[in-house]
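Working notes for the structure below.
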Amino acid sequence: MSGGKNRPAPTDWQREALAELREAAAEQPDVLRLVGVPARGQNGVLRVTLRLHTGPLATADGGLVLQEHEEFVLTLPASPLSATTVEVEHWRFAGYPHVLQGRRLCIFLDPAREWDPLRGGIRAYLNRLWSWLSDAAAGQFNASKAMYHAVGGVLHQTPGTPTLVVRVPGPDQRIQTGYLIARTEHRLDLAYSPPPEGRAVRVPVITIAGALPLGGGSTFAELLTYVDNPPFDRQRRSSPQAVAQSPAILTTLAASAARNPDGSPQYLILAVPHPAGGPPNLLGARLPAPTADALRRMAHEQGSALNIDASQIRPDLLIEWCPVSDERPAVTTRRDDGSLIGGFLGKHVHVWGCGGLGSWIAEFVVRGGASQVTVCDPGTVTGGLLVRQNYVEADVGASKAQALARRLRAVDDTVAVHVHDGVLPDATALAGAEVIIDATVSIAMGHILDRLAASGGRHPVLAQVATDTRTGTLGLLSVSAPTTAQGPSSIDTAAGKIVLADPALELYHRLWQDTPDGDELVPTRGCSVPTFHGASADLAAVAGTLTSLLGMHLITPGSGTHLIALPHAAGSPHHHFLAHDPTPTTP
Amino acid sequence: MQLADHFNEFLRTTVNLGQVKLDLLDTRVEAIYRALKADEEIGSLVLGKIPQGSWAHRTIIDPVGGTEFDADVMLLMAENPDWSQSPKTYIEEVYAALHRHSIYKDMPHSRKCRCVRLVYSNSMHVDIVPYVMLVDGREVIVNRDEDTWENTNSQGFSTWMRTQDQIAQGNLRKVIRLMKFLRDHKGSFTGTRSVILTTLLGNQVHAYKKFSDPGYYRDVPTALLHIVADLDTYLQANEIKPSVADPSGSGLTFDHRWEQNTYSYFRDRIHKHAAEIHDAYHAEDKDTSLRLWQNLFGPEFKAPVSATSGSKFPAAATTVTAVARPGRAG
């Protein structure tokens, strides 16, 4: 029985795409031709070879050099859910930006948002390919923005491997010893000095001489080949070959393996220079335990005379790639860059009151990059609070401040969290505060902040937050800037007079009026303290918005009161700011 | 309507100086620098180069017709005590160095009041401004006409521009380009120098405006609306020409060649443009809004070209090509 009989027939999508390709070729035979017969590949894909007349494309210095005609292989997946891919069958494009692993053209930066098989179909794909070629020939690609350009344009990741977290800058030396410290079963952190508590594995960090335009390969031997002498270089190279790096890598790896426990895998970090300059790309690799053990044996047998010939490495030894969470400041832009919460970056923030607003605000502040957070609350976590505060079942019975501190440290292990189980931190803790957020809705606490503001000189940015009792969909933020002598409570009082006198702000009147019957609830029979109505989704949204607005005041000093309403609050305006313009104090 | 997509397209296709020309400027300035650095007479004094002006501040626009576009570059030079009695020697010596060079000697080059100008055949020139950090700490450039030093703050203006542009969420530079387009291509408020226009527009940007409206500068049309309206308010409050201080803090002003009649004309035109921008921005009907924006900026202000029209492999009439990458996330 021939193998062909078992192959599935082309899917409707593939037939449709093929028909479109033939139609486009028939319309413009001078531009597009289909070459040969479409071939079946693995996973039901259909491979179609195209020849495009690329000679007329304008070229520029530094642009991709195209021949008069170029051939491309389109891979049509069985389902339109996956994007079509395109590659070439030569190495002439290798090393150019947006060429993946030397042959595949990166047509889509984000296939999820760019690939639409039902609108435009395969013609849209051809247009993308043509645009790609036009831009490449004209030298329009920015090499520094091409993803993973240094390592073949692709993410190196083997399922099941731990993520290597790198937060410190790479070494200046070509070879340096690093230490991987296990944080969880999924995560290893890289350090350049051994941790005092031990339990770290050694890892060589090796800076190689040049980029890896074909990527790192899938076997150990392939990696060493690519590092020493990539296949396309063998075609191009006319100058004498550079010194091979694989002997040093092998020696270093074996020496490192010898210092790690038998039966453990051996890790390797490669710093790969970026073709566009700047910090190197980091690749994390892992040799499975049997391979690592073989290296250990060699190291023990040969001792200081260790010298391993790369040509003796078995070609079938797999190498595993670990995802690298590269958090080095020189290569990482925070995802919240440019947003209002950026005002909290590096700040020491106090959050007083860890309830419906305070618990979320503290979390947002930490995620916003605050360097230190002080939390205080005299309460304990009860089960009913989980409905709208960010505590979890295991926190029930714990001090709120302690429970919140645990959560904050879990969010970011670089932030320093200080905890006070009372209503207020002590005077020493107050001295270091840059921002104080009062989320207690306590009248007495408001007086304390007012006194702090009036004490003379600069003070921390003082803020008071609240929501409404009836719905938890309104937000109130009063801010006292460092040179304003009135505290947030006074500013809030002044704002209230204006709001109550303004019919356009009727939605917010309730924030300064007595609570009507029914606006509060008694959550548990017998509970003596009525509380407000509100859900976690709403409170997190209100807390988030107020935190962002406060972030603005940390960038630009200013005092005043913000009123906000969520979109589904019963009224508008959804945001209103009342600037605080204090009357100058008369002697 | 705001028609923010139209603004992006208009800036990209009509207003901005193309990347090829910008790259050319870069290459040529680098080549000039290398040539001066290699000069036997003054090479040892040449310490660095600092891009200046609209090129450096990314407010440069495509010039009208065949008009030259230019680059200003400050040439950082070590102080030469032998020339201390005559600051203009720095300009003379840079000029002489170009005159000695195998390539530049055959290109038009001339001495201006504060710079040496090198002219290229294809509609561009480079102004090389000698810049010295004196031993007494002053940063100075040369006034050749008066043979004196002038204080400058090479980084101050750039820092101010960067700060104001960040407050305006990256839209100030685009607003400046749009207003320069109105001046140069539509012939509005001629006579007002770029540095004055840039400073006046930049001075309108204030972070506190975002307290009341966090989206005050959220996109190009909104930033244009608010910055020009705020400039209009400022100008209407100043019937007499105000002094325009160098925001770098050099202590200089830019208004010495800005006459009262030029100012009054500028003031009237900005008042008119502020009203036009207001009407176009707030028009609820798209056709009306587009017409009003086109009345201001001309017919090149139009919708972005879809991927289907003009593409190499046009789609059949019944199909529509998706946008390149929609502006959404999850």
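The values are calculated or read from the model by the stated rules, or taken from the named source; none is laboratory data. These figures come from a predicted structure and were not determined experimentally. Reconstructed Cβ throughout: ideal geometry from the backbone, glycine too, with neighbour counts over all protein chains shown.
Looking only at the range B:121-159, count how many residues are assigned to a strand (DSSP E or B) and either over 20 Å from the mean Cα position of the chain (by Cα) or β-branched (Val, Ile, Thr) (or both).
Kept after step one, since they are assigned to a strand (DSSP E or B), are these residues of the range B:121-159: B:124-133, B:139-143, B:148-151.
This time we only want the ones that are either over 20 Å from the mean Cα position of the chain (by Cα) or β-branched (Val, Ile, Thr) (or both), so: B:126, B:128-133, B:139-143, B:148-151.
Counting residues in the range B:121-159 that are assigned to a strand (DSSP E or B) and either over 20 Å from the mean Cα position of the chain (by Cα) or β-branched (Val, Ile, Thr) (or both) gives 16.
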> How many of the residues in the range A:272-302 are modelled with pLDDT under 95, of a type in the set (Gly, Ala, Ser) and not in a helix (DSSP H, G or I)?
Replying inline: 3
> Would it be correct to say that residue A:190 is assigned to a helix (DSSP H, G or I), of a type in the set (A, V, I, L, M, F, W, C) and touching a residue at least 40 places away in the same chain (Cβ under 8 Å)?
Replying inline: no
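Quick one: is residue A:59 of a type in the set (Val, Ile, Thr), modelled with pLDDT under 95 and closer than 18 Å to residue A:93 by Cα? Working first, answer last.
Working: of a type in the set (Val, Ile, Thr): yes; modelled with pLDDT under 95: yes; closer than 18 Å to residue A:93 by Cα: yes.
The answer is yes for residue A:59.
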>> Scan the range A:434-450 and tell me whether some residue there is surrounded by fewer than 21 Cβ atoms within 10 Å (Cβ to Cβ) and under 33 Å from the mean Cα position of the chain (by Cα).
In response: yes
>> Can you list the strands (runs of 3 or more DSSP E) lying wholly within the range A:307-403 that have 1 or more residues being acidic (Asp, Glu)?
In response: A:320-322, A:324-326
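With A:48, A:37, A:88 as the choices, which residue is without any contact (Cβ under 8 Å) to a residue 60 or more places away in the chain, surrounded by fewer than 16 Cβ atoms within 10 Å (Cβ to Cβ), hydrophobic (A, V, I, L, M, F, W, C) and away from every other protein chain (no Cβ under 14 Å)?
On the way: A:48 fails: surrounded by fewer than 16 Cβ atoms within 10 Å (Cβ to Cβ); A:88 fails: surrounded by fewer than 16 Cβ atoms within 10 Å (Cβ to Cβ).
Testing whether each residue is without any contact (Cβ under 8 Å) to a residue 60 or more places away in the chain, surrounded by fewer than 16 Cβ atoms within 10 Å (Cβ to Cβ), hydrophobic (A, V, I, L, M, F, W, C) and away from every other protein chain (no Cβ under 14 Å) leaves just A:37.
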> Residues that are not hydrophobic (A, V, I, L, M, F, W, C): which strands (runs of 3 or more DSSP E) entirely in the range A:421-498 hold 3 or more of them?
Replying inline: A:474-480
> Considering only the range B:56-84, how many residues are within 21 Å of residue B:120 (Cβ to Cβ), without any contact (Cβ under 8 Å) to a residue 40 or more places away in the chain and surrounded by 12 or more Cβ atoms within 10 Å (Cβ to Cβ)?
Replying inline: 0
>> Give me the residue from the range B:202-218 that is among the polar types (S, T, N, Q) and assigned to a helix (DSSP H, G or I) and, out of that set, farthest from residue A:476 (Cα to Cα).
In response: B:203
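For the range A:517-546, how many residues are touching a helix residue (DSSP H, G or I) at 6+ places or on another chain (Cβ under 8 Å), surrounded by fewer than 19 Cβ atoms within 10 Å (Cβ to Cβ) and away from every other protein chain (no Cβ under 14 Å)?
5
Within 14 Å of another protein chain (Cβ to nearest Cβ), part of a helix (DSSP H, G or I), touching a strand residue (DSSP E or B) at 6+ places or on another chain (Cβ under 8 Å) and farther than 16 Å from residue B:174 by Cα: does that describe residue B:24? Give the derivation first.
On the way: within 14 Å of another protein chain (Cβ to nearest Cβ): yes; part of a helix (DSSP H, G or I): yes; touching a strand residue (DSSP E or B) at 6+ places or on another chain (Cβ under 8 Å): yes; farther than 16 Å from residue B:174 by Cα: yes.
Here the answer is yes, as residue B:24 does meet what is asked.
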>> Of all residues being farther than 25 Å from residue B:272 by Cβ and touching a Gly at 6+ places or on another chain (Cβ under 9 Å) in the range B:213-251, which is farthest from the other protein chains (Cβ to nearest Cβ)? Just the residue, please.
In response: B:250
> Within the set of pairs 6+ apart or on separate chains, which have a first residue in the range A:406-435 that is without any contact (Cβ under 8 Å) to a residue 60 or more places away in the chain, a second that is of a type outside the set (Val, Ile, Thr) and in a strand (DSSP E or B), and C-beta atoms under 6 Å apart?
Replying inline: A:416/A:372; A:420/A:376; A:421/A:399
> Take the residues of the range A:547-562 that are farther than 15 Å from residue A:476 by Cα and either among the hydroxyl-bearing types (Ser, Thr, Tyr) or not in a helix (DSSP H, G or I) (or both): which is nearest to the other protein chains (Cβ to nearest Cβ)?
Replying inline: A:556
> Of all the residues that make up the range A:118-133, how many are surrounded by fewer than 19 Cβ atoms within 10 Å (Cβ to Cβ) and either within 15 Å of residue A:50 (Cβ to Cβ) or more than 7 Å from chain B (Cβ to nearest Cβ) (or both)?
Replying inline: 3
